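What follows draws every value from the coordinates through simple rules; no lab data is involved. Everything quoted here is computed from the prediction, not taken from an experiment. Reconstructed Cβ throughout: ideal geometry from the backbone, glycine too, with neighbour counts over all protein chains shown.
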Amino acid sequence: MIEIVFTDVSMAFGAHQLWQHLDADISGGVTAVTGANGAGKSTFLRLAARMLRPSAGEVVTKRDGQRLTAAEYSQLWGLDAPECQCYPELTAAENVRFAGSMRGLVLGTGRIEECLQRVGLPRAAIRDERYYVRSFSTGMRQRLKLALLLAVDPAVWLLDEPGANLDASGRAMVLDIARTAARQGRIVLLATNEAKEAEAADELINLDRF
Amino acid sequence: MNSSIWIAFKGMLRKELCVGFRSRTRWVVMFMFAVTMLACVSLAVGGMGLPVSVQAALLWILIFFAALTGTGQTFTDEAQQGTFLLLRSYGQAQTVLFGKMVFMFLELLLLTLVIVPLACVFLNIDIAQPLPLVAVLLLGLAGIAGAGTLVAFLTLSAKVRNGLFFILMLPLLLPVFLTAIAVTTAALEGRFAAVSWLFGLALYDALLIAGSSVLFDYVWYEA
């Protein structure tokens with residue numbers, strides 16, 4: 001079992017203090033991370049990915065009670081964030097295959113197409129070998145990032161506003177995928193401004209309170 | 001080799017090749033830089049018969065600077081496109097390093113295959129001993145790729161990225177540069193350079209690549 005433990009964590013960028021004395025123990029289910037714009041939701045996710053170090057306190061990741069090194073943990077999480085882009089010179093399938101290979105997975109065409117269909121990409125974007133991501137709409141790119149996570153299926157899903165740029169059915173699909181992953185024992189951290197998404201979560205961390 | 005690392009390395013290299021062949025922007029910059037510089041030198045020299053040591057030095061200056069215009073961009077391009085976070089999210093340090101390093105080596109090899117024949121024409125270079133020249137070119141390019149990948153990553157978040165990249169690369173590659181010029185001079189003159197020069201260069205390359213590998217793990221995960 002994977003655990004992410006925040007102990008007395010404070011975070012500041014220069015003189016700008018985001019939060020202080022935050023404690024959290026995340027070990028499963030969907031955890032919504034909410035807060036006003038600039039509250040530090042994306043920062044919280046990066047701390048959970050151990051891409052950043054806190055200004056004070058400690059973020060520890062464990063597997064079955066044993067602390068993980070940053071290198072070990074790096075193979076266990078996947079991130080979908082607005083500033084994270086898929087390769088525009090590759091097709092959707094090539095992007096999924098690449099993400100899988102980075103985790104040592106050889107994904108077959110069937111599995112790749114299944115993931116791309118699950119996120120609702122149109123048939124041409126899935127099958128056409130000359131339909132590169134640079135021609136995708138913003139919403140399609142957003143869906144593709146989720147397909148990467150589906151294909152890799154990491155133990156920790158870090159979703160930073162995954163519903164942004166998606167229509168209502170797209171947002172429902174994101175929630176459904178997040179809940180399914182959580183049911184399968186994954187940790188899902190969902191940074192969101194959407195009340196509906198926050199309500200659907202098992203746990204809530206409101207950064208405005210710290 | 002662990003099979004998952006091998007799969008990841010192949011995936012990384014395939015991605016680099018696909019992106020490189022389909023975008024080609026970096027290649028255009030490198031090739032245009034090399035051709036422009038070659039034309040300038042050729043015009044400046046104006047048909048003068050240059051000493052062989054100067055020809056060898058000019059050839060390596062051309063390769064070195066043309067290579068640096070491209071190699072410095074390997075992580076910058078990813079950061080500018082927003083794909084760096086994707087790479088950081090899914091990639092393992094060593095596979096990213098070696099995938100990019102091998103691709104950079106292939107890219108530089110392609111560049112050299114264009115530069116050397118052109119330099120022979122424009123600078124009236126006669127190659128008396130091709131085999132030592134090929135060996136020193138391969139070893140020299142391996143050194144540039146080995147150091148270039150690490151330094152490109154180290155300078156990624158620097159504000160004066162380009163300047164810093166050149167400043168850091170120059171001392172790292174000076175031993176490669178000086179050895180390569182000495183061996184190339186010998187190859188152009190028709191003398192066999194001491195094999196120890198080539199062994200020394202291979203050893204230095206190995207140290208550069210091993211050092212890059214050790215440091216890259218730290219900067220990728222911990223920095």
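Quick rundown of the values:
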quantity: Members of the range B:35-83 found to be without any contact (Cβ under 8 Å) to a residue 40 or more places away in the chain and either among the hydrophobic types (A, V, I, L, M, F, W, C) or in contact with a Cys (Cβ under 9 Å, 6 or more places away or on another chain) (or both), listed by number; calculated: B:37, B:40, B:43, B:44, B:48, B:54, B:61, B:65, B:82, B:83
quantity: Sole exception among (1) of a type in the set (Gly, Ala, Ser); (2) surrounded by fewer than 20 Cβ atoms within 10 Å (Cβ to Cβ); (3) more than 14 Å from every other protein chain (Cβ to nearest Cβ); (4) assigned to a helix (DSSP H, G or I) for residue B:128, by number; calculated: (4)
quantity: Single condition residue A:160 does not satisfy, out of (1) without any contact (Cβ under 8 Å) to a residue 60 or more places away in the chain; (2) within 23 Å of residue B:90 (Cα to Cα); calculated: (1)
quantity: Matching entry among B:50, B:62, B:68 (being out of contact with any Lys or Arg (no Cβ under 9 Å at 6 or more places or on another chain), more than 14 Å from every other protein chain (Cβ to nearest Cβ), surrounded by fewer than 17 Cβ atoms within 10 Å (Cβ to Cβ) and not charged (D, E, K, R)); calculated: B:50
quantity: Residue within the range B:93-110 that is of a type in the set (Val, Ile, Thr), assigned to a helix (DSSP H, G or I) and over 30 Å from residue A:142 (Cβ atoms) present; calculated: yes
quantity: Check on residue B:67, farther than 19 Å from residue B:104 by Cα and aliphatic (A, V, I, L, M); calculated: no
quantity: Unique residue being in a helix (DSSP H, G or I) and more than 14 Å from every other protein chain (Cβ to nearest Cβ) when the list is B:42, B:89; calculated: B:42
quantity: Selected residue (criterion: farthest from residue A:100 (Cα to Cα)) from residues of the range B:71-86 that are of a type outside the set (S, T, N, Q) and either part of a helix (DSSP H, G or I) or more than 14 Å from chain A (Cβ to nearest Cβ) (or both); calculated: B:72
